[in-house]
Structure formats: structure tokens, C-alpha cells
Amino acid sequence: MLKYIIKRTIYMVITLFIITTVTFFLMHNIQGDPLSAMGKTLPPQTVENYKVKYGLDKPVAEQYGIFLKNALKGDLGSSYKFPGRDVAETIKKTAPVSGRIGGQAMVVGLVIGITLGIIAALNRGRWPDYLVSVLAILGITIPVFIMGSLLMMIFSQKLHLLPTTGWGGFKYTIMPTIAMCFGSIATYARYMRSTVLEVLSSDYILTAKAKGVSKFNIIRKHVFRNAILPIITIIGPQIVGIFTGSFIIENMFSIPGLGYYFVNSIQSRDYPMIIGTTIFYAFLFLIALLVVDIVYGFADPRIKVIED
């Protein structure tokens, strides 16, 4: 296992390097530059001074070399849109906000989705199964911004129970959490239903029933443990979705999270902020995949790490 983790870590470093390189050069190949909009309100000489300050007057290859050198020291540069605001510090402050909303949405979606999936499988062909199927279809087809708008209309405008925008206590996270977890509930429910049905048709389940094992113990000891494995597989990308999935929601509810700043940085071509958040998201994704692989092995001892 240790050799496997070391090898995967090396692959992660290489992957991060490739993602960083591709992102950097793609950004600089877009027509225009981050200071083009500023040129409309600032004197030309001031814009040129800004270019010198941020190194935009240098060749792209030289800019890339400077960026890599600084990035290895943990310095991702300063924001162009918000001068003096350090990118790494911005990520450090805003990521927990996105993580709180996304984390709540993932936990709620996981618990409710797994529960609904099991209920649907155990009541195959009956009304609970049909109800869960309808909810799954709605969760997949309704966009997150539509769900967010409906929640605003119902709980803020009509009932006046929850604040529409802003950030503060728990009440500010309720609507964003519900909007984000609705699709996750549908995904987990569909996966859990299909895997539970597959497990229930296995020979060892039939044997357990023949021995007189209670339905509750069959579900607890045999069905749940084996059916949860595919769910563990999709949790990896869902962990990254804790941060990346909140782009639209954070803008809708004016939440000062990382997704909010990332969207604004793209609109303003804030190169350091774009590449800094991209590296952060890529790192999270790679770490999540590694953790899922390790957990998968512990969840099912039959799975062994195969060396190339």
C-alpha cells in the first residue's frame, strides 16, 4: 500500500504540473489581457506601469518560469482585479465558506439519497419505488439555479422565513444547501437502488434467507456493506463538488465563497486568481481519488492493489 501511495503521489505531481502548464498558456492565448478593461478608465501610461508591475510586459515563457518559481515557494501571486490581495490568502479565507455549504449538501444528499435508494429497492414495483424514481428524475433534470430561484421565491418572498442573500449564521446556508443537494440525492438514490437490487439477487443473500437470518440483519450485515461500494467510487468527484459545485449558488445568494471569486476572476481575466483556484481544485480532485481508492480497499478486503 505504501508503494502504491508513493507512486500515486508522483503521478499527482506530474498531473498538477501538466494542468498548471496548460491552464497558464491557455489563459495567455486568449485575445486581450487583464488590463484591457482598465485602459478605458486609466491613462495609457498608468496601464503600462501596471503591466510592468505584474510582469505582463515580459514574454509568456518568461512569465511562466517566474510563476513556477514563485508557486514552488507557495506564492501564487496577487489578484489583478483586487490589487494587494494575495491569491493564496484569498483561497485560504474563502474555501472554508464553500466547503461549509458544499459539505452540508454532500452529507445531506448522501444520507437521504442512500436511504431513498434502499427504500426503493426493498419496495421494487410498489409506490415507494415509483416515488423515488420521480424524485430522481426531478433531481437530475431541474438545474440548480432553477431550484435556487424556487427556494428564494417560497422561503424568502412568500413565507419570509429565510434571508435571500448574504452570509452569517446557519440560516444563511439552508437554501443554498437544499439547492445543491437536490441533484446529489437523485444520483445517490439511483446508484443505491440499482446496487441493492443486484446484491439482493446474489446467492449469499438467498443462503442467508434460507438460514432464517432476519431481514434487518441481512440489510445491515450483507446488503449495505456490498451495495455501498459503488457509492464510495462516486464520492471522490463529489468531494471536489463541495467547492466547484457552488459556483452558481454562491453568485445567486451572494455568498463570499471561493466559487464566487473564481467566477469573477474569469470575467475579469484575473490570471493569478484563475490559475490559483484551478490548481487548488485539481489538487483536491487528485487527493479525493487517492483517498477513495484507499477507502475502497478497506471497505472491501477482497480488493488488492495491483502493481504495474
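The values are calculated or read from the model by the stated rules, or taken from the named source; none is laboratory data. Owing to the predicted nature of the structure, the values given are computational and were not obtained by experimental measurement. Positions of Cβ are generated from backbone atoms using ideal geometry, with glycine treated the same way; all protein chains shown enter the neighbour counts. Heads up: the accessible areas ignore ligands, DNA and RNA and are worked out on the full protein's heavy atoms, side chains in. Shrake-Rupley method; radii C 1.70, N 1.55, O 1.52, S 1.80 Å.
In the range 231-242, the count of residues that are surrounded by fewer than 18 Cβ atoms within 10 Å (Cβ to Cβ), over 18 Å from VAL108 (Cβ atoms) and at pLDDT 85 or above is zero. Of the residues making up the range 158-217, those that are of a type in the set (Val, Ile, Thr) and more than 20 Å from the chain's Cα centre (by Cα) are THR164, THR165, THR195, VAL196, VAL199, ILE205, THR207, VAL213. A Cβ distance below 6 Å, combined with a sequence gap of six or more or placement on separate chains, defines the contacts here; from the range 61-84, residues that are in a helix (DSSP H, G or I) reach residues that are among the hydrophobic types (A, V, I, L, M, F, W, C) in the pairs TYR64/PHE24. Looking across the range 172-230, the residues that are open to solvent by 70 Å² or more (accessible area, probe 1.4 Å) and either among the aromatic types (Phe, Trp, Tyr) or within 30 Å of ILE154 (Cβ to Cβ) (or both) come down to ARG190, TYR191, TYR204, PHE216, PHE224.
Considering TYR188, TYR204, the condition of being at pLDDT 85 or above and within 30 Å of SER214 (Cβ to Cβ) is satisfied by TYR188 alone. Scanning the range 146-169 for residues being within 19 Å of TYR260 (Cβ to Cβ), at pLDDT 85 or above and open to solvent by 50 Å² or more (accessible area, probe 1.4 Å) gives a total of 1. Please name all residue pairs, on different chains or six or more residues apart, with Cβ atoms under 6 Å, provided the first residue is in the range 247-263 and is touching a residue at least 24 places away in the same chain (Cβ under 8 Å) and the second residue is assigned to a loop (DSSP other than H, G, I, E, B) and open to solvent by 50 Å² or more (accessible area, probe 1.4 Å). Correct list of pairs: PHE253/THR165; SER254/THR165; ILE255/TRP167; PRO256/TRP167. Restricted to the range 256-293, and to residues there that are hydroxyl-bearing (Ser, Thr, Tyr) and part of a helix (DSSP H, G or I), the residue that is farthest from the chain's Cα centre (by Cα) is TYR271. From the set of residues in the range 132-145 that are open to solvent by 60 Å² or more (accessible area, probe 1.4 Å) and in contact (Cβ under 8 Å) with a residue 12 or more places away in the chain, which is farthest from SER184 (Cα to Cα)? Among residues in the range 132-145 that are open to solvent by 60 Å² or more (accessible area, probe 1.4 Å) and in contact (Cβ under 8 Å) with a residue 12 or more places away in the chain, the one farthest from SER184 (Cα to Cα) is PHE145. Summed over the range 108-143, the residues that are assigned to a loop (DSSP other than H, G, I, E, B) and farther than 19 Å from CYS181 by Cβ give a count of 4. Residues that are modelled with pLDDT under 80 and surrounded by fewer than 17 Cβ atoms within 10 Å (Cβ to Cβ) within the range 271-295 comprise ILE294, VAL295, listed in sequence order.
Results for (1) within 19 Å of the chain's Cα centre (by Cα); (2) open to solvent by 40 Å² or more (accessible area, probe 1.4 Å); (3) under 30 Å from CYS181 (Cα atoms), shown as yes or no for each residue.
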| residue | (1), (2), (3) |
| --- | --- |
| GLU48 | no, yes, no |
| LYS53 | no, yes, no |
| LEU56 | no, no, no |
| GLN63 | no, no, no |
| ILE66 | no, yes, no |
| GLY84 | no, yes, no |
| ILE91 | yes, no, yes |
| ILE101 | yes, no, yes |
| GLN104 | yes, yes, yes |
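For the range 1-12, a tally of residues being open to solvent by 50 Å² or more (accessible area, probe 1.4 Å) and either touching a helix residue (DSSP H, G or I) at 6+ places or on another chain (Cβ under 6 Å) or within 15 Å of PHE280 (Cβ to Cβ) (or both) returns 0.
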